[in-house]
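Participant: Quick one: the structure is below, and I'll ask about it shortly.
The values are calculated or read from the model by the stated rules, or taken from the named source; none is laboratory data. None of these values were measured; they are calculated from a predicted model. Here the Cβ is made from the backbone with ideal geometry for all residues, glycine too, and neighbour counts use every protein chain on show. Areas reflect the complete protein model, heavy atoms only, side chains present, ligands, DNA and RNA absent. Shrake-Rupley method; radii C 1.70, N 1.55, O 1.52, S 1.80 Å.
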Amino acid sequence: MDVLTRLAVMIGLLTVGVGLRRVGVLDATRVEWLNSVAFYVVLPALVFNSTYDKPLAEIVTPTLLVGLVGVLGITAGVGWLVHRRITDDGARAAATVQSYHTNLGYIGLPVVASALGERAAGIGSVILGMGALIQIPLTVSILVAVTGNSRNFRSEVRRLATNPVLVALVIGLAVSRSPATVTGIPADVIALVAEAALPVALLCVGGSIQLQSMEADRSIVGSVLVMKLLVMPVVAWVVYAALGADLWTLRTAVVMFGAPAAVSTFVYVTEMGGDRRLASILVFLSTVASAFTLSAWIAIVP
């Protein structure tokens, strides 16, 4: 799929999802059902399919893991410094976490699998799984620090243990290390479900976006979009290049971290007392803009 076709498909599916939500076809119940299908079935299938038959040393390396911590830590730190000037705590909380908390699952991994192939998808699956272990506690901690609301901290951290994507990653890596393998009809079914990851995920994102108004401080919106879609993938490029990462790891990391702000950040910001309207706008705009920027990163990265 060439860059222009991929761009058209991403924008088209996002638009369909937003449109179906606005006309009531994707109401709250149906969006929840579609998200459950994506979260508990399609994404775990993609993660397992991308890892179970790959040599472990090919997709899990010290360079990958160190780089992951470095990219998230550096970008979160820069985001904190850039947005410390915002006087409203709720807006500062939303802007800070949405500068780095990436939609690795619903956008990053499906795009990597579609654009870069199976080997990159295996590496991306590790970034997704390990990234969740870092992003979620980091985001909740920053929201607590900014808003002072800590009532959901422990419950969010506990939910990590039963995250189906992490479970699928562990099983996939275990199978890749064992003599056992998955072949025949089961392998074909898993691969078929995995193929649905990108369209289902984009429909979920479009249907999950809640916009009451597009009015927001343009300087805040602009700084978050620049941080998330431009600065973070550049940080990923610099960090992994400095660590001597191979081209597969470098390419995968740049595209994964070039994905938009995660839809889940809207939930975290809302639950932890942040500016939910701003968070919704940032999810929507970063997702739409990422169709263009991701296509550019895919074309630019060697």
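Participant: Return the calculated 222 nm mean residue ellipticity for the chain, to the nearest 500 deg cm²/dmol, obtained by summing -39500 (n - 2.57) across DSSP H runs with n ≥ 4 and dividing by the residue count.
Facilitator: About -23000 deg cm²/dmol.
Participant: If you don't mind, there's one more thing I want to ask. Expressed as a whole percent, how much of the Cα-Cα distance distribution for the range 172-302 exceeds 18 Å? Please report the intermediate quantities before stating the final value.
Facilitator: Values: 5568 of 8515 pairs.
Percentage above 18 Å: 65.
Participant: Moving on to the next point. Given Cα positions, please report Rg to Rh for the range 1-142, the hydrodynamic radius being the Kirkwood one.
Facilitator: Working: Rg = 17.5 Å, Rh = 17.3 Å.
Dividing the radius of gyration by the Kirkwood radius yields 1.01.
Participant: Please list Thr87, Thr51, Thr5 from largest to smallest accessible area, probe radius 1.4 Å, with all protein chains kept in place. Walk me through the numbers on the way to the answer.
Facilitator: Numbers: Thr87 130, Thr51 0, Thr5 60 Å².
Result, largest first: Thr87, Thr5, Thr51.
Participant: On to the next question. At 1.4 Å probe size, with the rest of the protein present, what percent of the exposed accessible area of the chain is carbon and sulfur atoms? Mind dumping the intermediate values first?
Facilitator: Values: 8300 of 12690 Å².
Answer for the chain is 65 percent, counting heavy atoms of protein chains only.
Participant: Here's another thing I want to ask about it. So what's the angle, to the nearest 10 degrees on a 0 to 90 scale, between helix 3-22 and the longest Cα principal axis of the chain?
Facilitator: Value to nearest ten degrees: 60.
Participant: Additional query: Name the most mobile residue of Leu278, Leu64, Leu243, meaning the one with the largest mean-square fluctuation, in a Gaussian network model of the chain with Cα contacts below 10 Å.
Facilitator: Maximum fluctuation in the GNM of the chain, among the listed residues, is at Leu243.
Participant: Only Cα pairs within less than 10 Å get springs; with that Gaussian network setup on the chain, which residue of Ala187, Ala115, Ala196 has the largest fluctuation?
Facilitator: Ala187
Participant: If you don't mind, there's one more thing I want to ask. Please say if the range 19-74 is rounded, prolate or oblate, where rounded means a/c under 1.5 for a ≥ b ≥ c the square roots of the C-alpha gyration tensor eigenvalues, and otherwise the choice is prolate for a/b larger than b/c and oblate otherwise?
Facilitator: Numbers: a/c = 4.81, a/b = 1.97, b/c = 2.44.
It is oblate, given that a/c is not under 1.5 and a/b is not larger than b/c.
Participant: Now, a different point. Mind giving me the FRET efficiency for Ala296 and Ala180? R0 is 51 Å, r the Cβ-Cβ distance, nearest 0.05 is fine. Each step should come with its number before you reach the end.
Facilitator: Values: r = 41 Å, r/R0 = 0.81.
It comes out at approximately 0.80.
Participant: Excluding ligands, DNA and RNA, what is the solvent-accessible area per residue of the chain at a probe of 1.4 Å, expressed in Å²? Walk me through the numbers before you get to the answer.
Facilitator: Values: 12690 Å² over 302 residues.
Counting only protein heavy atoms, the per-residue value for the chain is 42 Å².
Participant: Put Phe39, Phe48, Phe257 in order of accessible area, largest first, 1.4 Å probe: what do you get? Before the final figure, lay out the partial values.
Facilitator: On the way: Phe39 65, Phe48 30, Phe257 0 Å².
Sorted by accessible area, descending: Phe39, Phe48, Phe257.
Participant: Using a simple spin-label model with points 7 Å from Cα along the Cα→Cβ vector, what separation in nm is obtained for Trp33 and Ser141?
Facilitator: Distance between label points: 4.0 nm.
Participant: Would you kindly derive the ³J(HN,Hα) couplings of the range 266-275 from the backbone phi angles with the Karplus curve 6.51 cos²θ - 1.76 cosθ + 1.60 (θ = phi - 60°), listing them in order in whole Hz, with x for Gly and Pro?
Facilitator: With coefficients 6.51, -1.76 and 1.60, one gets 4, 5, 4, 4, 5, 5, 9, x, x, 7 Hz.
Participant: Which one, Pro164, Pro233, Pro110, has the greatest fluctuation when you compute a Gaussian network model over the chain with C-alpha springs under 10 angstrom?
Facilitator: It is Pro164.
Participant: If R₀ is 22 angstrom, what is the calculated FRET efficiency for the pair Val238 and Asp88, using the beta carbon separation as r and rounding to 0.05? List each step's numbers first, then the result.
Facilitator: Details: r = 32 Å, r/R0 = 1.44.
It comes out at approximately 0.10.
Participant: Calculate the translational D of the chain in whole µm² s⁻¹ from Stokes-Einstein, where the hydrodynamic radius comes from the Kirkwood formula applied to all Cα pairs, the temperature is 10 °C and the viscosity 1.306 mPa s.
Facilitator: On the way: Rh = 19.2 Å.
For the chosen part, D equals 83 µm²/s.
Participant: Between Ala187 and Ala289, what is the FRET efficiency for a Förster distance of 30 Å, r being their Cβ-Cβ separation, to the nearest 0.05? Can you show the working numbers first?
Facilitator: Numbers: r = 37 Å, r/R0 = 1.22.
After rounding to 0.05, the efficiency reads 0.25.
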